[in-house]
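Throughout, read-outs are computed from the coordinates displayed, never taken from laboratory work. Owing to the predicted nature of the structure, the values given are computational and were not obtained by experimental measurement. Positions of Cβ are backbone-derived with ideal geometry, glycine not excepted, and every protein chain shown enters the neighbour counts.
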Amino acid sequence: MSAGLPSEQRYQAMRRVTLVGAVTNLTLATAQIIGGWISHSQALIADGVHTLSDLASDFVVLFAARKANEAADANHPYGHGRIETLATVVVGLVLAGVAVGIMTDAARRLLNPEELLSPTPLALILAAVAIISKETLYHYTMRVAKRVRSRMLEANAWHHRSDVVSSVVVLAGVGATLAGLPFMDAVAAILVALLIGHMGVKLIWNSARELIDTGVETQEQERMLEAVRRLDGIQGVHDLRTRRMAGTLLADVHVQVAPRISVSEGHHIADAVCVAMHGVQDELGDILVHIDPEDDQQGAPSSHLPNRTEMLERLRAQWHDVPASRHVDPVVIHYLQGQVHLELQLPLRAFDSLAEAEAAARQLVASSLRAEDVSQVQVLFRY
């Protein structure tokens, strides 16, 4: 069972917010870099380069959003969601690279005081404009990311938020430099670089955890398990496993039910499990429910038993001298506790009296128990 926005609708929402971000980033980056050069502010130029890296990441997000929302195909039966994860790694690497470059240049200027820049008040104005623009962009992008459940968009939103923080640092650094501390512009550039690098490493780390199928936290797993335990017909639940794929959480779980229920009732219970788990975890997409007729946490006690075809061959070999066996239909086989339990049905109309039917049933039970691996036999009469 799965849930979520249709792929095309999700892609259009991601495309729209990313294009808005790209236009904003292009405008801001141009203003910051040119303005930083005019106002002699290394910190503002560094912030402009940071914004320019946002523009590069926007193009990565646009590409990945289109590919990640393509329908599943023969080579990708689970869809293309992991493309978002790889794109997030790329965004993180871009951020880390930008941070190293800015930090290296600022450190060089600090070690060579004659190269320190003296910013003008224009740098303060541009930093303030950047703060307002990027904070607005952060909230817009994060709102859409939550709606379409895209970690890649969330990463891009935090990229915008890192710009806000870095612009605040630039504002403070430029202000301190104008107040008579000439080294503060370069110090602000280094602080911006550290913020950028921290964000890049965080994005890479979280995406790497997803790529190696890291599951949800124990507390979240327990919430899902408790929701399943409360369902009617559940005798036990175990082996819940989860993993993320872009904005979707995938899960599989084993549930123990009464051993002799029908296949359709087991399927109905599995549907109820999916609904219950979705009710406590809205990130869930596909859920695979494994129905167990007995507790198999320590192994598969019945895995060595014969399949249906082989079991019927064994029974027919024992039924050759039981005339009533030709009326047996259906043969219900239960694999429990490492043994075969049989339910055989006989039509009463095939016998002249109830006594004759009961005698035939006793013959069937005795002959069936001679078959290898059979431990229980029940004969039911039907009209």
Practice problem: Pull up all non-local amide H partners of GLN378: gap of 5 or more, or a different chain, and H-to-H distance under 5 Å with H placed in the peptide plane. | Solution: LEU342, GLU343, LEU344
Quiz item: Using Cα pairs under 8 angstrom and six or more residues apart, how large is the relative contact order of region 218-292, in percent?
Solution: 36
Quiz item: With point charges of +1 on the Cβ of Lys and Arg and -1 on the Cβ of Asp and Glu, referenced to the Cα centre of the chain, which listed residue (PRO293, ALA106, PHE351) lies farthest in the positive direction of the dipole?
Solution: ALA106
Quiz item: Given charges of +1 on the Cβ of Lys and Arg and -1 on the Cβ of Asp and Glu, with all other atoms neutral, how large is the dipole of region 218-292 about its Cα centre, in debye to the nearest 20?
Solution: 100
Quiz item: Of ALA157, SER133, LEU171, which is farthest on the positive side of the dipole of region 131-186, counting Cα position, with +1 on Lys and Arg Cβ, -1 on Asp and Glu Cβ, and the Cα centre as origin?
Solution: ALA157
Quiz item: PRO306: net charge of surrounding residues, Cβ under 9 Å, Lys/Arg +1, Asp/Glu -1, itself excluded?
Solution: -2
Exercise. Taking the Cα centre of the chain as origin, sum charge times position over the Cβ atoms of Lys and Arg (+1) and Asp and Glu (-1), and report the length of that vector in debye to the nearest 20.
Key: 900
Exercise. Considering only DSSP beta bridges where both residues belong to region 297-383, give the percentage that are antiparallel (nearest 5).
Key: 45
Exercise. Using only Cα atoms, find the angle between the long axis of helix 354-369 and the longest principal axis of the chain, and express it within 0 to 90 degrees, rounded to the nearest 10.
Key: 60
Quiz prompt | Restricting region 86-175 to chymotrypsin sites (Phe, Trp or Tyr not before Pro) in coil, as DSSP defines it, with at most 11 other Cβ within 10 Å | solution = none
Quiz item: DSSP beta bridges in the chain, what fraction antiparallel, as a percent rounded to 5?
Solution: 50
Exercise. Determine the dipole magnitude for region 222-361: charges of +1 sit on the beta-carbon of Lys and Arg, -1 on that of Asp and Glu, nothing else is charged, the reference point is the Cα centre, and the result goes in debye to the nearest 20.
Key: 200
Quiz item: What shape does the chain have by the C-alpha gyration tensor, where a ≥ b ≥ c are the square roots of the eigenvalues, rounded means a/c under 1.5, and otherwise prolate means a/b greater than b/c and oblate the rest?
Solution: prolate
Quiz prompt | J(HN,Hα) series, region 288-295, from Karplus relation 6.51 cos²θ - 1.76 cosθ + 1.60, nearest Hz, glycine and proline x | solution = 9, 9, 9, 8, 10, x, 7, 6
Quiz item: Once every DSSP H run of n ≥ 4 in the chain is given -39500 (n - 2.57) and the sum is divided by its residues, what mean residue ellipticity at 222 nm do you get, rounded to the nearest 500 deg cm²/dmol?
Solution: -21000 deg cm²/dmol
Practice problem: Subtracting the Cα-Cα distance from 0.36 nm times the residue separation, let me have the gained length for LEU369 to ASP321 in nm, one decimal. | Solution: 15.9 nm
Quiz item: So, in nm, how far is label HIS267 from label TYR383 when the simple model puts each one 7 Å beyond its Cα toward the Cβ?
Solution: 2.9
Self-check item: Percentage relative contact order, the chain, counting C-alpha pairs under 8 Å, at least six apart
Solution: 14
Quiz item: Using a Förster distance of 51 Å, how high is the FRET efficiency between LEU288 and ALA179, based on the Cβ-Cβ distance and rounded to 0.05?
Solution: 0.20
